[in-house]
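One structure is given here, and the rest of the page talks about it.
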Amino acid sequence: RSAHFRRFLEEQRRWVNYDAYARVCMSLGINQMLTALSYYVIGTFALKAPRSALISLLGIQLLSLLLLRLDLVPGENARSDATKVFLFVPVPPVYLALILCTWDVHMVSEHFLSMMALPAFCLHSGWLLLVAFVLIPHRAIDNSALPKQLRTVLYLDVINVEQDAIARDHTIADAEETTDLLSDARLLLEDKMKEIMAEESELGQVSTSKRDTLELHDLGQSVQDTLVHAEEEILQLEAQKRDAEGSVEEAELRKKLRECRQEVGRAKHALEHFAVWRMAPGVHASLAALKSVSSAGWYDEGKKMKIERCFHGFLEKCNELDLGITAPRRVGSYGFLDAGSEDSEEREKHMEALEVAEGDTLMVRMPAKGLSGGTATFTGEGSVWVEQGSSRLRHHPPEDGRATSFDQV
């Protein structure tokens with residue numbers, strides 16, 4: 001919402017000095033242009049029309065004084081500053097104009113005229129020295145070395161302390177808003193996952209298709225996109241915290257930074273859990289297929305034991321991570337065991353795997369050479385495919401490519 005505002009403040013800090021002194025040069029340039037125009041009026045028109053030249057000169061100097069009044073910020077001694085400006089700006093050209101109007105320049109020597117004009121040049125030099133002194137930058141609390149005596153420089157506004165407070169408030173507000181959005185997106189994703197796991201538990205089977213819907217993809221992407229924005233907000237808060245180090249605002253920024261980091265951590269954990277949760281049915285289908293083929297006697301004892309260990313280890317991890325692959329073991333027709341009176345280890349013993357959905361069952365590819373099981377022994381090369389839950393063999397891979405193998409798993 002206010003990213004453009006913060007970006008402007010960040011970028012303006014890089015060229016604010018150039019902007020400030022460009023404004024100074026523009027103001028001084030106008031002043032010197034009016035001074036040069038005053039001398040041009042004196043030198044060109046005073047000899048032909050002294051009265052008109054004097055009126056024009058007064059008008060030009062009045063305009064110069066008005067512009068200086070608009071550009072300069074009054075200091076503590078406003079009356080003294082006004083006197084200095086009046087002495088150094090309009091007096092020199094008016095003084096020279098009066099000399100040219102009252103003296104016959106053809107009747108006096110050039111040396112005498114030069115001596116009479118010398119005070120005007122001294123006053124003009126004094127004006128340049130005064131300008132240099134007034135515009136010396138003074139480092140303030142915000143550590144900005146800018147000539148703040150010039151009103152147009154203050155119009156930059158970013159050098160004011162209030163602007164930093166506005167930027168800090170915007171950063172905190174944006175961080176809070178992004179944190180809330182991230183929390184809402186994460187909760188929506190987790191609620192949808194719980195809803196699907198409840199449906200699977202009720203049906204007694206886990207399905208890959210239910211966990212790979214467009215709605216789930218959009219919910220996960222929403223969390224991911226909001227997470228990126230939240231990490232950007234953390235960087236903004238860290239920058240504001242560094243700038244506010246040692247101030248009263250540092251504690252508030254530290255608190256918001258901690259809250260934002262905590263929610264980012266929860267969102268990352270949710271995305272990791274979501275990724276594993278979506279892959280779990282596929283792993284479960286592969287292990288279930290191997291376990292079924294192993295029970296039919298197609299594997300030797302060593303592979304049988306390894307499959308059993310992997311399958312039980314997988315179920316324990318699914319139960320630990322709440323992946324929805326396991327459910328409380330049913331007891332006859334009386335429903336579930338009462339797990340409330342047992343400790344966690346006992347409850348794990350009474351957990352069983354949900355069935356693999358019909359569309360997720362896999363065939364198992366096995367090497368044909370030396371294979372013995374069921375009622376046949378094979379001596380040929382190549383592979384055969386065993387159907388899950390039966391002893392039927394196929395000499396061609398399934399058309400949909402849904403197959404696995406011991407080595408692959």
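The values are calculated or read from the model by the stated rules, or taken from the named source; none is laboratory data. The structure presented is a predicted model; accordingly, all values stated were derived computationally and were not measured. Neighbour counts are summed over all protein chains in view; Cβ atoms, including those assigned to glycine, are modelled from backbone coordinates with ideal geometry. What goes into the accessible areas is simple: the full protein's heavy atoms, side chains included, and nothing from ligands, DNA or RNA. Shrake-Rupley method; radii C 1.70, N 1.55, O 1.52, S 1.80 Å.
Take the Cα of residue 134, go 7 Å toward its beta carbon, and the backbone nitrogen atoms of region 11-34 under 11 Å from that spot belong to 28.
Note on residue 212/residue 243: beta-carbon distance plugged into 1/(1 + (r/R0)^6) with R0 of 41 Å gives a FRET efficiency of 0.35. Computed from the C-beta positions of residue 352 and residue 195 and an R0 of 25 Å, the FRET efficiency is 0.70 to the nearest 0.05. Computed 3J(HN,Hα) for region 228-233, one whole-Hz value per residue from the Karplus formula 6.51 cos²θ - 1.76 cosθ + 1.60 where θ = phi - 60°, is 4, 5, 5, 5, 5, 5, glycine and proline marked x. Computed from phi, the 3J(HN,Hα) profile of region 11-17 under the Karplus parametrisation 6.51, -1.76, 1.60 (θ = phi - 60°) reads 6, 5, 4, 7, 10, 5, 5 Hz, with x in place of Gly and Pro.
Go through 194/306; 268/291; 291/317; 194/255; 194/317; 148/255 and tell me which ones have a Cα-Cα distance over 24 Å in this structure.
Flagged as over cut-off: 194/306; 268/291; 194/255; 148/255.
In this simple spin-label model, placing a label point 7 Å from the Cα along the Cα-to-Cβ direction at both residue 188 and residue 19 gives a separation of 3.8 nm.
Out of 269, 213, 289, whose Cα points farthest toward the positive end of the dipole of region 179-306 (charges: +1 Lys, Arg; -1 Asp, Glu; placed on Cβ)? Checked the options; the winner is 289. At the residue level, residue 213 shows approximately 50 square angstrom of accessible surface with a 1.4 angstrom probe and all protein chains present.
The packing ranking, built from the mean of other Cβ atoms within 10 Å per residue, places the peptides 273-285, 257-269, 68-80 in the order 273-285, 257-269, 68-80, highest first. Charge dipole of region 249-288 (Cα centre as origin; +1 on each Lys and Arg Cβ, -1 on each Asp and Glu Cβ, all else neutral): 100 debye, rounded to the nearest 20.
Site pair residue 101 and residue 122 shows an inter-label distance of 2.4 nm when each label is modelled 7 Å from Cα along Cα→Cβ.
With a simple spin-label model that places each label point 7 Å from the Cα along the Cα-to-Cβ direction, the separation between residue 235 and residue 308 comes to 5.5 nm.
With the cut-off at under 12 Å, measuring from each backbone N in region 56-96 to a point 7 Å along the Cα-to-Cβ line of residue 32 picks out no residue.
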